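Data first, discussion second: the structure below is written as structure tokens.
The values are calculated or read from the model by the stated rules, or taken from the named source; none is laboratory data. Because the structure is predicted, anything quoted here is derived from the model rather than measured. In this analysis, Cβ positions are derived from the backbone assuming ideal geometry, glycine residues included, and neighbour counts consider all displayed protein chains. The area values use the complete protein model at the heavy-atom level, side chains included, leaving out ligands, DNA and RNA. Shrake-Rupley method; radii C 1.70, N 1.55, O 1.52, S 1.80 Å.
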Amino acid sequence: MQINTGNSVRYLFILFAFTAVFSCQHKEENDLLPFRNPALSIEERTKDLLGRLTLEEKVSLLGYRSKAVERLGIPAYNWWNEALHGVARAGLATVFPQAIGMAATFNDSLMYAVADVISTEARAKYNLSTAMDRRLQYLGLTFWSPNVNIFRDPRWGRGQETYGEDPFLTASMGLAFVKGLQGDDPRYLKAAAAAKHFAVHSGPEKGRHGFNAVVDEKDLRETYLYAFRKLVVEGGIESIMCAYNRLNGLPCCTSSPLLTDILRNEWGFNGHVVTDCGALEDIYRFHKVTNDTAAIAADALRAGVNLDCSDLLQTNLIKAYERKLISEEEIDLALSALLRTQFKLGFFDDKKKVPFNNLGENDVNNEKHVQLARVAAQQSIVLLKNSNNILPLKKEKYGSIMVLGANAGAMDPMVANYHGMSGNIVTFAEGITKAAGPAVAVQYDQGSDFNDTTRFGGLWHAGESDITIAVIGLTPVYEGEGGDAFLAANGGDKLTLDLPAPHVILLRELRKKNKPVIAVITAGSNVDISSIEPYADAILLAWYPGEQGGNAVADIIFGNVSPAGRLPVTFYASFNDLPAYDSYDMKGRTYRYFNGNVQYPFGFGLSYTSFDYTWEKQPAELKSVDDTLSFSVRVSNTGSVNGDEVAQLYIEYPNLERMPVKELKGFKRVNIEAGGSREVQFKLPVAELKKWDMDQKKWVLYPGQYIIQIGSSSRDIKLNSPLIVKPGLN
């Protein structure tokens, strides 16, 4: 049979032309729909879009892998993204210090600047990827950060993701992160933050999918919910992630008391709730509350869940609807919160109208962002020991340096978990070598591994060098989230405070060389410093410092920067000093409720200089529960070098049952030149002194004598001032 190729070509041309015209016309029609009209309110646009979706389409949008609705021109979207300390898991991005290191800066202004950079890079990566029609996981604008759980016990391997053990510090750093990430545009979110894990979630990591956290209302309100409430009420956070565990018997992701009564009704939360990944499946797999997956889907939606990080909602909600366990109106209510978030992010608007559309390749990991990562790492480093002021090192005194240790040249302790990648990652060995300069003979050796206690490298060279810098400690494969910390002996959690035995022995062998030893420790938590303290002349805690960690440690060691990091967790002497790990009672935990001997107290950190405190303006008499007390101190640098000081405000409470030993209620990090001074001002809302009354079930300001304390750590108090609360002020 003969084929007329000319007619065939003409037919295909006409078909393609018709398709193109139809597609263009279809797009133009969609562009005219009310939900795409930015002149309308978000509520009007949401209502219009809901009215155009079928029930099946609505359900398809409630999972984190949100499906495309092609007839309305709505592309697929993957809600799952991470930004714990930089845009994570999506290639090139600036890697900042791990969250626990950021907390150690005691600098919420710096935290804001870091989060602002994270959202800039997020928008740039989103713009670049969507221009190529790439709509992949980890390339969206909805970030499941920050982690504002309380690091109540040093056994929790995942505590490195938090801002430490104190509710006030956690809330302050969390607020700064949220505001920096979400931006201050009056119309659009730069990115959307999600606080996790709601609530009462901090180990044991090994049993997190079936664990029941039992806690009374007082500890719940004063400790575990404090930061979440601040981020909702003061931070306007867009999302909350409900946790894997049960709280007092109820799975967090189907808990109406938690998600409806407290979060929405009491706090006025108007964003969306996302489940932790697989949390709804945990309800039947591990909690074994019920095997009815349709009922779980209905219960989650009715309790307040809007988005599922699994497929349970998408595969079971139609069944729940058909069984009349859930109504379409309730599905609409759940979906409307997600749509509002997408409208705020500008997903349905002309890109030219979204103010972040111009961000691109030059806005990712640029020189300015790299420098900020270096400053953040510098400010996070905590000086724990400095015998005879050996630090900072004088280059003219040390012509040869040995750098060794399992973590000296490794990448893992730089980037921590939930990390991005960068071409600027500087290891400790690299940073020290560059800072020492070409006239100093710097050598490097791995020194040891994490297991062998008999064979060591670099010892001879250490004996021949003027000084040794040993970089030892943990890495995120030995402590962290269950699946990530694959070499941890206990599902990510720590069984001991011990540093790896080969590292301790290495330090002991180095001491035999009779040469000075500087120890740099990497870790995300409390470790036993006493085991190496006799063998090191100076000890720096570098945490997991991010891509510029090597340069930052060198900046500290050689004195370009005076250290001023502070411990956001108590360094206990032993696990024996603590209650059982699976107990969530706060009694005996953290500096707020523990008064025994410790290695280092909360807020501790040494400097290369010294500071003196005097009152500038003492607190005035308290007249009303609505007062905000304003007072100030003068901090003087009495040493010979410029440096930062972190002035910390604590409150001691009246001697009543279940009051904290003391509590952080303010902090200011200030730079002061040698011989100079700065006035440091504090504002203390009296409402911050209220405690939860178990009988009245509300916040109460108890009468009695309070003590306002100002100092450089929780146990180094420089100034005191009494504050009398008279009866009847509530």
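Looking at this structure, is L540 closer than 30 Å to N388 by Cα, modelled with pLDDT of 95 or more and in a strand (DSSP E or B)? It is true that L540 is closer than 30 Å to N388 by Cα, modelled with pLDDT of 95 or more and in a strand (DSSP E or B). Does V375 satisfy being aliphatic (A, V, I, L, M), open to solvent by 10 Å² or more (accessible area, probe 1.4 Å), closer than 30 Å to P516 by Cα and modelled with pLDDT of 95 or more? Yes.
Between a residue in the range 193-214 that is under 16 Å from R246 (Cβ atoms) and in a strand (DSSP E or B) and any residue that is open to solvent by 30 Å² or more (accessible area, probe 1.4 Å) and not hydroxyl-bearing (S, T, Y), which pairs come within a Cβ distance under 6 Å, given they are 6 or more apart or on different chains? Qualifying pairs under 6 Å: N212/R246.
Here is a yes/no grid of residues against (1) crowded, with 24+ Cβ neighbours inside 10 Å; (2) touching a strand residue (DSSP E or B) at 6+ places or on another chain (Cβ under 6 Å); (3) not in a loop (DSSP other than H, G, I, E, B):
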site	(1), (2), (3)
G524	yes, no, no
P534	no, no, yes
G559	no, no, no
P563	yes, yes, no
P568	yes, no, no
N576	no, no, yes
P579	no, no, no
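If we keep just the residues of the range 33-54 that are open to solvent by 20 Å² or more (accessible area, probe 1.4 Å) and hydrophobic (A, V, I, L, M, F, W, C), which is nearest to K351 (Cα to Cα)? Top of the filtered list is A39.
Selection within the range 585-608: residues that are among the basic types (K, R) and part of a loop (DSSP other than H, G, I, E, B). The member of this set that is surrounded by the fewest Cβ atoms within 10 Å (Cβ to Cβ) is K587.
Which residue is nearest to K662 (Cα to Cα), if the candidates are limited to the range 126-146 and must be out of contact with any Leu (no Cβ under 6 Å at 6 or more places or on another chain) and buried (at least 24 other Cβ atoms within 10 Å of the Cβ)? Residue satisfying both the conditions and the ranking: P146. Going through (1) assigned to a loop (DSSP other than H, G, I, E, B); (2) open to solvent by less than 50 Å² (accessible area, probe 1.4 Å); (3) of a type in the set (A, V, I, L, M, F, W, C) one by one, A439 falls short only on (2). Residue by residue through the range 160-169, note down the ones that are in contact with a strand residue (DSSP E or B) (Cβ under 9 Å, 6 or more places away or on another chain) and assigned to a helix (DSSP H, G or I). Hits for the range 160-169 are E161, P167, F168, L169. Just one of the listed residues (R285, R264, R302) is under 25 Å from the mean Cα position of the chain (by Cα) and over 15 Å from H197 (Cα atoms), and it is R264.
Would you check which residues across the range 57-80 are open to solvent by less than 40 Å² (accessible area, probe 1.4 Å) and of a type in the set (D, E) and list them? The one that is open to solvent by less than 40 Å² (accessible area, probe 1.4 Å) and of a type in the set (D, E): E57.
The set of residues from the range 543-583 being of a type in the set (V, I, T), over 23 Å from the mean Cα position of the chain (by Cα) and within 14 Å of E430 (Cβ to Cβ) comprises just one member, I557. Only one of these is touching a Gly at 6+ places or on another chain (Cβ under 7 Å) and either polar (S, T, N, Q) or over 30 Å from A523 (Cα atoms) (or both): N81, N107. Name it. Answer to the check: N81.
Conditions tested, residue by residue: (1) open to solvent by less than 10 Å² (accessible area, probe 1.4 Å); (2) within 25 Å of D216 (Cβ to Cβ); (3) over 30 Å from the mean Cα position of the chain (by Cα); (4) of a type in the set (D, E, K, R).
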{"position": "N637", "(1), (2), (3), (4)": "yes, no, yes, no"}
{"position": "R658", "(1), (2), (3), (4)": "no, yes, no, yes"}
{"position": "F667", "(1), (2), (3), (4)": "no, no, no, no"}
{"position": "A674", "(1), (2), (3), (4)": "no, no, yes, no"}
{"position": "K697", "(1), (2), (3), (4)": "no, yes, yes, yes"}
{"position": "I710", "(1), (2), (3), (4)": "yes, no, no, no"}
{"position": "I717", "(1), (2), (3), (4)": "no, no, no, no"}
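Tell me, please, whether a residue that is within 30 Å of A564 (Cβ to Cβ) and touching a strand residue (DSSP E or B) at 6+ places or on another chain (Cβ under 8 Å) can be found in the range 124-135. Taking every residue of the range 124-135 in turn, none turns out to be within 30 Å of A564 (Cβ to Cβ) and touching a strand residue (DSSP E or B) at 6+ places or on another chain (Cβ under 8 Å).
Can you confirm whether A519 is of a type outside the set (K, R), within 23 Å of S574 (Cβ to Cβ) and open to solvent by 20 Å² or more (accessible area, probe 1.4 Å)?
So A519 fails the test.
Output the residues belonging to the range 238-257 that are surrounded by fewer than 23 Cβ atoms within 10 Å (Cβ to Cβ) and in a strand (DSSP E or B). Within the range 238-257, L250 is the sole residue that qualifies. Confirm whether L474 is open to solvent by less than 20 Å² (accessible area, probe 1.4 Å) and at pLDDT 95 or above. For L474, the condition - open to solvent by less than 20 Å² (accessible area, probe 1.4 Å) and at pLDDT 95 or above - is met.
Of the numbered criteria (1) outside any loop (DSSP other than H, G, I, E, B); (2) open to solvent by less than 60 Å² (accessible area, probe 1.4 Å); (3) more than 28 Å from E645 (Cβ to Cβ); (4) among the β-branched types (V, I, T), the one T433 fails is (2).
Looking only at residues in the range 81-95 that are part of a loop (DSSP other than H, G, I, E, B) and more than 16 Å from the chain's Cα centre (by Cα), which one is surrounded by the fewest Cβ atoms within 10 Å (Cβ to Cβ)?
The qualifying residue surrounded by the fewest Cβ atoms within 10 Å (Cβ to Cβ) is G91.
Residue check: is E688 among the charged types (D, E, K, R), surrounded by fewer than 20 Cβ atoms within 10 Å (Cβ to Cβ) and under 25 Å from the mean Cα position of the chain (by Cα)? So E688 fits the description; yes.
The condition of being open to solvent by 10 Å² or more (accessible area, probe 1.4 Å) and within 30 Å of N358 (Cβ to Cβ) holds for only one of D216, D184, D261, that being D184.
How many residues does the range 360-416 contain that are polar (S, T, N, Q), under 29 Å from P500 (Cα atoms) and assigned to a helix (DSSP H, G or I)?
Of the range 360-416, the ones polar (S, T, N, Q) are 362, 365-366, 371, 378-380, 386-389, 400, 407.
Okay, now just the ones that are also under 29 Å from P500 (Cα atoms), so 378-380, 386-389, 400, 407.
Cutting the leftovers down to assigned to a helix (DSSP H, G or I) gives us 378-380, 387-389.
Looking only at that region, the number is 6.
Contact map, the range 98-120: residues that are without any contact (Cβ under 8 Å) to a residue 12 or more places away in the chain paired with residues that are open to solvent by 20 Å² or more (accessible area, probe 1.4 Å), Cβ distance under 8 Å, separation 6+ or inter-chain. No pairs are found.
Quickly run through the range 494-503 and pick out the residues that are within 24 Å of V403 (Cβ to Cβ) and either without any contact (Cβ under 8 Å) to a residue 24 or more places away in the chain or open to solvent by 30 Å² or more (accessible area, probe 1.4 Å) (or both). Give the derivation first.
Here is the first cut: in the range 494-503, the residues within 24 Å of V403 (Cβ to Cβ) are 498-503.
Matches in the range 494-503: D498, A501.
Number of residues in the range 442-458 that are crowded, with 19+ Cβ neighbours inside 10 Å and closer than 22 Å to A501 by Cβ equals 5. Going through (1) closer than 23 Å to L50 by Cβ; (2) crowded, with 23+ Cβ neighbours inside 10 Å; (3) touching a residue at least 60 places away in the same chain (Cβ under 8 Å) one by one, I318 falls short only on (2).
Against the test of being outside any loop (DSSP other than H, G, I, E, B), modelled with pLDDT of 95 or more, closer than 18 Å to V59 by Cα and touching an Asp or Glu at 6+ places or on another chain (Cβ under 8 Å), the options A300, A294 yield a single qualifying residue, A300. Restricting attention to the range 479-530, the residues being at positive phi and of a type in the set (F, W, Y) number 0.
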